[in-house]
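What follows is a short report on a single structure.
Just so it is clear, none of the values below were taken in a lab; they were calculated from the coordinates. Please read these numbers as outputs of a predicted model, since none were measured by experiment. Every residue, glycine as well, gets a Cβ built from its backbone with ideal geometry; the counts of neighbours run over all protein chains shown.
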Amino acid sequence: MDVAIVGIGLHPFGRYEGKSALEMGADAVRAALADAAVEWKDIGTAFAGSMEITNPEAVVGLLGLTGMPARAVLNGCATGATSLAMAANAVASGEHDLAIAIGLDKHPRGAFAADPSVAGLPGWYGEAGLFLTTHFFGMKINRYMHDHGISDRTLARAAAKAFRNGAANPNAWRRKPIPEDQILGSQILNYPLTQYMYCAPDEGAAAAIVCRADQARKYTDTPVYIRASALRSRRLGAFELLTPSLPVDSVPSPTVDASQAAYEQAGLGPEDVDIAQLQDTDAGSEIIHMAENGFCEDGEQEKLLAEGATEIGGRIPVNTDGGLLANGEPVGASGLRQIYELVTQLRGRAGDRQVPGDPRVGYAQLYGSPGTAGVTILSR
């Protein structure tokens with residue numbers, strides 16, 4: 001059974017003192033309900049994802065206790081894709097007519113501070129840029145740049161694009177463009193990545209309501225259809241968090257596996273995609289993921305970014321809302337933020353950042369350490 005997205009909601013990402021993640025999640029749900037013109041009591045089941053909140057399904061308590069089955073979801077940075085896939089499956093199986101995927105998080109400040117109680121490391125370890133995940137991303141792109149002829153300037157171009165796109169997005173956290181030279185000249189955190197090439201943790205929420213495709217126009221004049229949803233974990237030997245010395249191409253990454261599976265499900269290829277949302281935890285990740293998702297060959301990113309191919313008016317616009325770099329990453333909500341942007345673009349409602357040419361196919365990809373990937377393909 002085919003499934004459609006009929007309602008989307010977003011609590012803008014940023015910092016909201018005195019407001020809980022659950023409250024943000026409830027606001028995102030209310031926005032999605034209004035978008036689909038349905039009431040909370042109409043929703044059959046909910047899947048709520050969060051990294052910080054151990055019982056994110058408790059958001060239903062702020063919306064009204066209906067007795068619905070509500071489930072908590074956590075799959076690293078791939079949580080959003082996972083919760084959407086589970087909601088879609090609940091509808092496709094015939095178990096429910098309407099389901100909702102919710103993402104919410106409220107992370108503390110300090111992207112590079114190691115919490116000794118969690119990691120068993122002293123505070124200076126993170127302050128020196130040695131926190132494990134940021135170190136991993138630095139090593140990974142450093143090797144990729146060496147192997148495929150990617151320059152520091154290309155990393156800066158990817159980051160500068162994100163901040164320009166964020167400046168055109170009223171929901172973005174970072175809404176000030178940053179020039180390439182300033183990005184290159186900022187403090188190096190984990191070589192070759194500088195301060196403005198990393199995203200930061202923050203706060204926010206997003207939600208998406210799904211229904212059977214043949215019922216979609218009961219709720220909206222602009223349904224967006226889920227053509228594919230694929231999740232894959234890493235294979236033994238794939239380049240991952242704890243083995244950065246292994247060759248990048250020794251075994252396909254989980255992103256490659258998820259991407260290929262999604263294209264096969266959708267009956268589409270990279271050439272059919274009009275707009276892409278790619279995991280850009282750092283500028284280097286966006287560069288690598290362009291190739292892993294089939295939008296170019298390894299090393300072609302240097303030329304493509306120089307030509308503006310990934311800009312809003314380019315051949316394959318990437319992260320039109322500013323991505324993680326401009327929006328930050330509340331982990332549970334991040335993947336559904338991608339879906340919110342794609343649906344907004346496919347409906348033609350993105351305002352100053354609208355992709356020209358009547359886009360019809362959108363693509364979202366997530367990568368969660370140490371090796372889980374999710375890919376969703378949408379179409380009008």
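If I take R0 = 22 Å and measure r between the Cβ atoms of R315 and R143 in this structure, what FRET efficiency does the formula 1/(1 + (r/R0)^6) give, to the nearest 0.05?
FRET efficiency, R315 to R143: 0.20.
Would you mind working out the magnitude of the charge dipole of the chain relative to its Cα centre, with +1 at each Lys and Arg C-beta and -1 at each Asp and Glu C-beta, to the nearest 20 Debye?
The calculation lands at about 500 debye.
Going by how many other Cβ atoms sit within 10 Å of their own, how do H107, H148, H11 line up, fewest first?
The most exposed by this proxy come first: H148, H107, H11.
State whether segment 282-372 is rounded, prolate or oblate according to the following rule on the C-alpha gyration tensor (a ≥ b ≥ c being the square roots of its eigenvalues): a/c under 1.5 gives rounded; otherwise a/b larger than b/c gives prolate, and the remaining case gives oblate.
Here segment 282-372 falls in the oblate category.
For the residues T54, T194, what sequence is obtained by ranking on other C-beta atoms within 10 Å, fewest first?
Starting with the residue having the fewest Cβ neighbours, the order is T54, T194.
In the chain, with Lys and Arg counted as +1 and Asp and Glu as -1 at Cβ, which of these residues, N319, G25, A160, has the Cα nearest the positive end of the dipole, that is, farthest along it?
Selected residue: G25.
Which of the lysines could be linked to K303 by a straight reach, that is with a Cα gap under 30 Å, when you skip same-chain ones fewer than 8 residues away?
K140, K161, K176
Rounding to the nearest 10 and keeping the result within 0 to 90°, find how far the Cα-based axis of helix 152-167 lies from the longest principal axis of the chain.
The two axes meet at around 30 degrees.
Could you give each residue of segment 202-214 its phi-based ³J(HN,Hα) in whole Hz, using Karplus coefficients 6.51, -1.76, 1.60 with θ = phi - 60°, and x for Gly or Pro?
Ordered by residue, 3J(HN,Hα) equals 7, 10, x, 7, 8, 8, 9, 9, 10, 8, 4, 4, 6 Hz.
With springs connecting C-alpha atoms under 10 Å apart, model the chain as a Gaussian network and identify which of L304, L62, L278 has the largest mean-square fluctuation.
Checking each option, the largest mean-square fluctuation is seen for L62.
Pull up the cross-link candidates among the lysines for K218, meaning alpha carbon to alpha carbon under 24 Å and not fewer than 8 places away within one chain.
K41
Using the basic label-point model (7 angstrom from Cα toward the beta carbon), what is the D221 to D2 distance in nanometres?
2.1
If the cut-off is a Cα-Cα distance under 19 Å, which lysines reach K106, setting aside same-chain residues fewer than 8 apart in sequence?
Excluding near neighbours in sequence, the set is K19.
Could you give the size of the charge dipole of segment 1-68 about its Cα centre, using +1 on the Cβ of each K and R and -1 on the Cβ of each D and E, expressed in debye and rounded to the nearest 20?
120
Once you list every other residue whose beta carbon is under 15 Å from the beta carbon of Q265, what net charge do they have if Lys and Arg are +1 and Asp and Glu are -1?
Value of the local net charge: -2.
Where does helix 331-346 land angle-wise versus the long Cα axis of the chain, in degrees 0 to 90, nearest 10?
In the chain, helix 331-346 runs at an angle near 70 degrees to the longest axis.
Taking amide H positions as placed 1.01 Å from N in the peptide plane, with prolines and chain starts having none, which residues 5 or more places from V224, or on another chain, fall under 5 Å of its amide H?
Under 5 Å from the amide H of V224 lie the amide H atoms of I5, each far enough along the sequence or on another chain.
Please report D298, D221 as a ranked list, fewest other C-beta atoms within 10 angstrom at the top and most at the bottom.
Least to most surrounded, the residues fall as D221, D298.
Give me the percent of DSSP beta bridges within segment 240-380 that run antiparallel, rounded to the nearest 5.
65
Mind running the shape call on segment 43-97? Use the C-alpha gyration tensor, a ≥ b ≥ c as the square roots of the eigenvalues: rounded below 1.5 for a/c, prolate if a/b tops b/c, oblate otherwise.
oblate
Can you compute 3J(HN,Hα) from phi for each residue in segment 102-108, using the Karplus curve 6.51 cos²θ - 1.76 cosθ + 1.60 with θ = phi - 60°, rounded to whole Hz and x for Gly and Pro?
Once θ is set to phi - 60°, the couplings for segment 102-108 become 10, x, 7, 6, 9, 8, x Hz.
Taking the simple approach of a point 7 Å from Cα along Cα-to-Cβ for both S93 and W40, what is their distance in nm?
2.5
Where both partners of a DSSP beta bridge lie in the chain, what percent of those bridges are antiparallel, to the nearest 5?
Looking only at bridges with both residues in the chain, the antiparallel portion is about 75 percent.
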